[in-house]
Amino acid sequence: MIYKFDSFIEENVLPKRHHILELEFNASPCYGRCPSFSLKIVSNRDVEWIAKNDNRVNFQEYTGAYESKVPPEQYKELINLINYIDFENLDDDYEVSYTDSATGTLKIVYDNLKVKTISDYGMMGSRGLRKLYNILFNLRGKLEWKK
């Protein structure tokens with residue numbers, strides 16, 4: 001365990017440096033009021049947010065498709081975290097033992113079009129993944145979106 005990226009996450013003594021081409025994240029609805037949305041971020045920092053249900057951010061409700069650009073420092077932090085958590089060797093599936101939770105699905109396209117997909121019911125897979133999910137959820141409130 002190490003304190004890195006403003007969180008305690010699993011230590012990686014030899015992080016690899018992958019060329020991340022695309023990141024897709026989908027948060028499914030749950031039984032209750034969980035935001036349901038998808039984010040797609042490509043290597044030029046363009047991001048697409050499709051807000052489905054319960055996307056109340058900064059006191060405003062969002063639905064539909066939006067576009068923005070991730071600032072260079074935030075993008076660098078995101079890519080550094082993805083590489084540090086050794087996503088390539090994480091399990092493909094995680095799940096909590098309780099019910100009525102949302103599922104996070106993460107798809108990373110990297111290097112020469114390799115693909116890693118992680119399905120995480122409850123979004124508690126690893127400390128590194130939880131930090132990544134937190135960053136992705138928070139992007140909805142930190143960027144300026146255009147419909």
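Overview of results
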{"read-out": "Volume per residue that the Cα convex hull of the chain spans, once the total is divided by residue count, Å³", "value": "111 Å³"}
{"read-out": "Using θ = phi - 60° and Karplus 6.51 cos²θ - 1.76 cosθ + 1.60, couplings along the stretch 47-57 (whole Hz; Gly, Pro as x)", "value": "9, 10, 10, 10, 8, 9, 10, 6, 9, 8, 10"}
{"read-out": "Ranked order, Asp93, Asp54, Asp100 - accessible area, probe 1.4 Å, largest first", "value": "Asp93, Asp100, Asp54"}
{"read-out": "Top positive-direction residue, dipole computed over the chain with Cβ charges, set Tyr3, Ser38, Leu14", "value": "Ser38"}
{"read-out": "Long pairs among Lys116/Lys147; Lys16/Lys147; Lys4/Lys147, criterion Cα-Cα beyond 31 Å", "value": "Lys16/Lys147; Lys4/Lys147"}
{"read-out": "Accessible surface of the chain, 1.4 Å probe, proportion on carbon and sulfur as whole %", "value": "48 percent"}
{"read-out": "Average silhouette area of the stretch 1-43, convex hull of alpha-carbon atoms, in square nanometres", "value": "4.9 nm²"}
{"read-out": "Longest site-free stretch - the chain; sites: GluC sites (Glu not before Pro), DSSP loop, at most 16 other Cβ within 10 Å", "value": "12-143"}
{"read-out": "Potential extension, Asn134-Asp46 segment - 0.36 nm per residue separation minus Cα distance", "value": "29.8 nm"}
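The values are calculated or read from the model by the stated rules, or taken from the named source; none is laboratory data. On a predicted model such as this, the values are computed, not experimentally measured, just so you know. Neighbour counts are summed over all protein chains in view; Cβ atoms, including those assigned to glycine, are modelled from backbone coordinates with ideal geometry. Each accessible area value is taken on the protein alone, full model and side chains, heavy atoms only, with ligands, DNA and RNA left out. Shrake-Rupley method; radii C 1.70, N 1.55, O 1.52, S 1.80 Å.
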